[in-house]
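These notes are about the structure you will find just below.
The values are calculated or read from the model by the stated rules, or taken from the named source; none is laboratory data. This one's a predicted model, so the numbers in the text were calculated from it and none came from an experiment. Ideal geometry is used to build each Cβ from the backbone, glycine not excepted, and the neighbour counts take in all protein chains shown.
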Amino acid sequence: MITININEKEIRLDKPVTVLEAARTAGIKIPTLCAHELLEAYGGCRLCVVEVERMLKLQTACTLIAADGMVIRTKSEAISNARRSILEFLLINHPLDCPVCDKAGECELQDLVNKYGATAGRFKEEKRKVPESHEDRIFTRNMERCVLCTRCVRMCNDVQGASAINIVGRGGRSRMEPFSPTSFNCEYCGNCLTVCPVGAILSRPHLHSLRPWQIDKEVETICPYCGVGCSFVVQVRDESIKRVIPRFGFGLNNGLLCSRGRFGYEVTGSQERIKVPLVRIDGKLHQSTWDYALNLIADKLKDIRDTHGGSAIAGIASPRCTNEDNYVFQKFMRMACKTNNIDSISRIGFASAQRYFEDLLGQGITANIILGLKNSDIILVLGGDPTAVNPILGLSIRAAARNGTKIAVIGNAKGLERFKTLRIVPDIFKEAEVLEYLLTEIFRAKGLRGEKPALDRKIEGLSGKSLKIDIAGLAELKDVLLSGGSVSIVLGMDVVHRSRGHRILFAVAGITYLLEARLYLLSESSNEQGLIDMGCVPDMLPGGRPLVVGDFKKRFETVWKGTIPEKGGLTLMEIIEATKDKKIKVLYVMGENPVFNLPNTSYVKEALKSLDFLVVQDIFLTETAELADVVLPASGWSEKDGTYTNLERRIQLLRKAVNTPSSADDWRTISEISSKMGYEMHYPRAEDIMEEIATVSPLYKDLTYDEIEKGNCLWPYNGEPLRGVVSEIPAAEETFREYKEGLYLAPEKILFHSGTLSRRALALRKICPEPTLKIGTNHAEKLGLKEGDNVSVSTAQGSINVQVSIDTAIKDNKVLLGNNFEGRGVFSLLNYEIDPITKVPGIEGCEVTIEKI
Amino acid sequence: MFKETILKEIDDIKARYPDPKSALLPTLYIAQREFGWLSHEAMHVVAQSLNLPEAMVRGTASFYTMFKHKPMGRHLIQLCTNVSCMILGAERLVDFLKNRYSLEPNITTTDRRFSLVIMECIGACDRGPAMLVNTDFHDSLTEERIEEILEKYK
Ligand code: SF4
Ligand code: SF4
Ligand code: SF4
Ligand code: FES
Ligand code: FES
C-alpha cells in the first residue's frame, strides 16, 4: 500500500501509478497537454508540473510515479507562473487565429490559456510560417497551430500501428508530417485527429461548417459497418449527422474507430435515398402510396401462399438490419407466409462457418471477447486481413504483437505485415491441405482430448492420410502452435466460401479443439451474429433452436399463436436456384442486394426476373430493387432504435439519432403487411420486440434495453446455451482439382469500404474513389503492368475495366478485387459451386485474364 | 531497391542488433552514399529494406543535420566559422570561396563540383580556421592553402 498526500488530501494506492493518475482518481485536476489516457506518458509539454516536497524542482505529474510518503501540491504561485510561461512559449509561434479555427471551443490550448493567462506573449520575433496543407483528401494540417505534443504520432505509431506520420525536422522547425503527401500509408482511422488537442489536424469533410457548440443533440450509438460494433457519439444538427466523435473509456473500442466508422456516417443523409414506395406498372417503377403498396404486397403474398403453399415464398434477411427487424422478419415469413425459406447473404461466410463450428464444438464456441486477444501467446490468422475486415479487432492483434504475442499468418493479411512473427503462403487454394497437415501433427504430438467422440474419430481418421507438403515456414508454424502457449485463431471468410470449404472448417475446428484455442470469426456486417440468433436461417428458430426438435417448435408456437411449417427451408443459393426453376414465386428481400452481392450476377438476375413478384425493402434503389415489383423505403442505421449483436456476441443498443420523415422501420412495415395478411403483429416500439425476444429466445432470456444500456450484455447473458454437438460429422466425397499456373480472381475486403453502403458516403469515396485490382509484384512484371494502369479483367462471366494497384504482400497467383463499386464488383465476374456440407457458394478457382487497355 | 551487394551490407548491419530500428542510421548512410543524398526514393528504399515505416525513416533522418537533405555537389565542404576560427579569419575564407568558386553557404556550384555548409566548432580551435572536405580534415587554412587543397577535389 502506497500512501501519498496531494493538496493535504491523503490518497491510498494499491499499486504504483503516476501522480497524475493518482490525482485523477482522487478527483484532483492537473492540467495536461501531451498526456492522453490512451497513450504512454511522454512528459513533453511540462504543463502538468507540480511541487513535491523534498524535490528541488517542479516535477511533471504525468511521468512521476507516486512513491510512499510523497507530499504533493498541484496549486501554488510558482506552479501557476511556470504554467503561464510554458503557455507563453507555446504561443511564440502560434498564429492566434482562433476566430477561424474549427477547434475553437473545444481546444485544450485555448482553455488553458484562458485559465492561466499569457494571452499574447512578449515575443516580438516573426512567427514561423508554415502554409496550411490541403494536399490530403481528408485531413487539413495546420502546423502553425501544432504544439508538438506528439499525441498524433504516438497514436498512429503505438495504438493504430499505421506509423503514417512523424515529427520531422528539429527544434523550432519541427512539425508533424506524413512521409510525403502522395505516398502516405494512412489508414484514415482519424484517431490522430481526435487526440490532437488543438486545431492542427482537422477533418476536411466538415471544415468550417460547424462550431462545436452548434449542436442540437449528441446520441450515443453503434457503428453500422462491421461485426465489431464500436460505440461512438453522433453529433446532430438540423436532423443531419455533422460528425462522429469517439468516447474514450467507453465501449469495447475505448474511443478508437476505423475509417468506416469515423467517416462513413453520411450514408443515411445521402440524396439518393428512396423516399416513397415504388410500384412496377407496365414494366416501370412508379411512385406510389404506402397504402397501395402494402395492400398489393399483402394480397399477392396471400394469394401465392393459398394457391401454391408457403414453399413458393422465400425471404432474404439482412445482417445490416437490427435484431428487432430480423426477428419480426422471420416471424412474418414463418407465421404469415408459412415458409422456412429464410436465409441471408451471411450464408456466404459467417452464418455457415458459425453453424459448422457450433455443431462440432458446441454453442457459443465463437463467442470470445475481442480484448482477450491481447492475452494470447499465439494468434493464428487465416482467411483474410483482420485489420481491413474488422479493423478494431485488428488493432487488438497489433497490440498483442507489440506485447510479444506471436502472430502467425496463413495466406495474406497485409495490415499485419509489420507485426507478424511468421507467414506461410500455401499453394493456391491448398489451405485445406496445410491445415489438415497441422491438425494431424498436433494430434500426433498431443493426442486426442476424448471429449467429443465424433471429432476424435474423424481426427484420427485424417491422420491415416499421408500428407506431403513442402512450404517455407510450415515446420516453424507447427512448432509455434505446439509451443504450449494459449492460442487464438482468427478466421476470415476467404477460406469459407470455397466449394470444399468444410474441409478447412473441419481442420480449424480440430485445431481449436486439440489446442483448446479461442476462435474468432471475422464478420463483415454489423449484425451477422444477431441475424442467426434471431432465426433468420432456414433450419433454426430464434436462439439457435433447431426446427426439427418438436419441443422447441411447440414452445414458439404457443407464444406465436399459430403453427410453424414443418419442413426446413432452403438456403440462399438454393432459394435463387428454386426461383430460376419457378418453384419459388415470391421473394421478399429486406435490406439486401443479392444481384450485386452474389456470384454469377447474370444468373441471379435471370432468376429474380423469373419471379412472379419481388419485394425489396431498402434505403437505396439497389441493383436488386431495380428489378422489384414493389420497392419500399426503409430507415437507415441512424434513424432507428434497436440492437445489434456483434461477433463476440455482445448485444448493444442502436439509438435513433435523426428523424427522416420518409423512412420507415423495417419491422414496422413488415408487421403491417403481416397484419393485413391476417397474422396480427403489433409492436409500438422496438423495445417491445426485444421484450418478446427475451421471452422466446433462450439466449436472450430476460434481456431488456435497460440491461443492455448498462453495457456488458455478453454471451450467454442469463440464457442457457445448448451444449449438444453432432454425433456424426457429415462428410462429402473429396474432389481434387489441380490449379494450373494461371491467375485466379478472388474477392478483397477493403478497409475503406463495406459493400454497397459505403460508396454513398462522400468522405469514404474521397479516400477510396475507385475500385482497383490488386496484383502481386511478380505477375505485374510478367504482364508489364505499372501502378495505375487501366486493365480489363475478364472471366467466363464477363469483363470489367479497373485500375491496377501493385501489392507487394501478394505472393501467390491471386489477383484481388473488391465488391463495392457500381457495375464493377468482383462478384459479377465469379461463378460458384455449392459446398455440399455448408451450402456455401464456393467462388474460388475462377481463372482470369488481365489485359492492358 | 538496392543492389544485391548492398542488401548484403545492410543485412550484415541488421545482424548486429536485436531490433532492425537500430540499423536505421547506418543504413541511411549507405543510402546517402548510393543516392548522393536522402531523397524520398532513398528513404523509401531504406524503409523497405529494414521493414520499417517510411514516416519513421523520414522523421529520424530529418532530425540529423549531418545527412544530406537535398542534392549536393560531388564534394562537400564544411567550413567552421565558430568563435576561434572566426577570429583567425574564417569569414574571409567564406568570401574567398564566393569570389573564387561562386560557392556560397548552402549552395552547390553550377558544375556540381562543390557544396558548402557552414559548421559550428569541429574541434580544431587551436589550429583554425578548419574545414572538412567530405571526410578529410584540413586546418590552419589560408586563402592559398584552400585553393591548393581544393585543387585535389575535381
Ligand atoms: S488517420 Fe490513423 S493512420 Fe492516418 S495518420 Fe491518423 S492515426 Fe495514422
Ligand atoms: S498535430 Fe496536434 S497532436 Fe500532433 S503534435 Fe501537433 S498539436 Fe500534437
Ligand atoms: S471496426 Fe467495425 S464497428 Fe468499429 S468503427 Fe470500424 S467498421 Fe465500425
Ligand atoms: S502532460 Fe505531463 S508533460 Fe505534458
Ligand atoms: S571554432 Fe572552428 S574548430 Fe572550434
- Which numbered condition A:ASP479 misses (of (1) of a type in the set (D, E, K, R); (2) within 20 Å of A:TYR437 (Cα to Cα); (3) crowded, with 23+ Cβ neighbours inside 10 Å): (3)
- Answer yes or no as to whether A:ILE297 is within 24 Å of A:THR660 (Cβ to Cβ) and at pLDDT below 95. no
- Would you say A:THR339 is in the same structural domain as A:LYS567 (by TED's automatic domain parsing), polar (S, T, N, Q) and touching a residue at least 60 places away in the same chain (Cβ under 8 Å)? yes
- Task: Search region A:163-180 for residues being farther than 12 Å from A:ASP136 by Cβ and of a type in the set (Ser, Thr, Tyr), and hand back the single one that is farthest from the other protein chains (Cβ to nearest Cβ).
- Result: A:SER174
- The lone exception for A:LYS75 - which of (1) in contact (Cβ under 8 Å) with a residue 40 or more places away in the chain; (2) within 16 Å of ligand 2 (Cβ to nearest atom) it fails: (2)
- Message: Considering only region B:12-25, I want to know if a residue exists there that is more than 14 Å from chain A (Cβ to nearest Cβ) and under 24 Å from B:ILE107 (Cβ atoms).
- Response: no
- Note on the structure: Inside region B:79-106, the number of residues satisfying the requirement of being within 12 Å of the chain's Cα centre (by Cα) and surrounded by 17 or more Cβ atoms within 10 Å (Cβ to Cβ) is 1
- Cβ pairs under 6 Å, 6+ apart, first in region B:108-137 and more than 14 Å from B:GLN78 (Cα to Cα), second hydrophobic (A, V, I, L, M, F, W, C) and away from ligand 2 (no atom under 16 Å from the Cβ): B:THR109/B:LEU103
- Message: So if I check each of A:LEU38, A:LEU47, which one is more than 14 Å from every other protein chain (Cβ to nearest Cβ) and within 16 Å of ligand 3 (Cβ to nearest atom)?
- Response: A:LEU38
- Kindly indicate which of A:THR387, A:THR405 is within 18 Å of A:VAL228 (Cα to Cα), out of contact with any Cys (no Cβ under 6 Å at 6 or more places or on another chain) and in contact (Cβ under 8 Å) with a residue 24 or more places away in the chain. A:THR387
- Message: If a residue counts only when it is at pLDDT below 95, which helices (runs of 4 or more DSSP H) contained entirely in region A:383-456 have at least 2 such residues?
- Response: A:431-446
- Message: Residues that are within 14 Å of chain B (Cβ to nearest Cβ), of a type in the set (Gly, Ala, Ser) and not in a loop (DSSP other than H, G, I, E, B): does region A:220-231 have at least one?
- Response: no
- Message: Please go through region A:609-621 and give me each residue that is outside any strand (DSSP E or B) and surrounded by fewer than 23 Cβ atoms within 10 Å (Cβ to Cβ), ordered by number.
- Response: A:LYS609, A:SER610, A:LEU611, A:ASP612, A:LEU621
- Being outside any loop (DSSP other than H, G, I, E, B) and of a type in the set (Phe, Trp, Tyr) is the filter here, so list the residues in region A:815-845 that pass it. A:PHE827
- Residue check, A:ASN253 against (1) among the polar types (S, T, N, Q); (2) surrounded by fewer than 23 Cβ atoms within 10 Å (Cβ to Cβ); (3) touching a strand residue (DSSP E or B) at 6+ places or on another chain (Cβ under 9 Å), all met but one. Which one? (2)
- Restricting attention to region B:66-89, which residues are within 14 Å of another protein chain (Cβ to nearest Cβ) and under 15 Å from B:LEU132 (Cα atoms)? B:MET66, B:PHE67
- Task: Look through region A:129-158, keep the residues that are surrounded by 15 or more Cβ atoms within 10 Å (Cβ to Cβ) and of a type in the set (Lys, Arg), and return whichever of them is farthest from the other protein chains (Cβ to nearest Cβ).
- Result: A:ARG145
- Across region A:154-176, what is the total count of residues that are out of contact with any strand residue (DSSP E or B) (no Cβ under 7 Å at 6 or more places or on another chain) and of a type in the set (A, V, I, L, M)? 3
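Conditions tested, residue by residue: (1) under 21 Å from A:GLY229 (Cβ atoms); (2) surrounded by 24 or more Cβ atoms within 10 Å (Cβ to Cβ).
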| position | (1), (2) |
| --- | --- |
| A:ARG273 | no, no |
| A:ALA298 | no, no |
| A:LYS302 | no, no |
| A:ILE316 | no, yes |
| A:PRO319 | yes, yes |
| A:THR322 | yes, yes |
| A:ALA353 | yes, yes |
| A:LEU361 | no, no |
- Message: Just checking, does region A:115-125 include any residue being more than 16 Å from ligand 5 (Cβ to nearest atom), out of contact with any Gly (no Cβ under 6 Å at 6 or more places or on another chain), in contact (Cβ under 8 Å) with a residue 12 or more places away in the chain and within 14 Å of chain B (Cβ to nearest Cβ)?
- Response: no
- Item | In region A:190-215, residue farthest from the other protein chains (Cβ to nearest Cβ) [restricted to those that are assigned to a helix (DSSP H, G or I) and touching a Ser or Thr at 6+ places or on another chain (Cβ under 9 Å)] | A:ARG204
- Query: Which of the residues belonging to region B:51-65 are within 7 Å of another protein chain (Cβ to nearest Cβ) and either closer than 28 Å to B:VAL133 by Cβ or of a type in the set (D, E, K, R) (or both)?
  - Reply: B:GLU54, B:ARG58, B:SER62, B:PHE63
- Inspect all residues belonging to region B:34-45 and state whether any of them is away from every other protein chain (no Cβ under 11 Å) and at pLDDT below 90. yes
- Task: Any chance you could count how many residues in region B:44-73 are closer than 28 Å to A:GLY415 by Cβ and not in a helix (DSSP H, G or I)?
- Result: 3
- Do we find a residue being under 20 Å from A:LEU439 (Cβ atoms), aromatic (Phe, Trp, Tyr) and away from ligand 3 (no atom under 16 Å from the Cβ) anywhere in region A:516-530? no
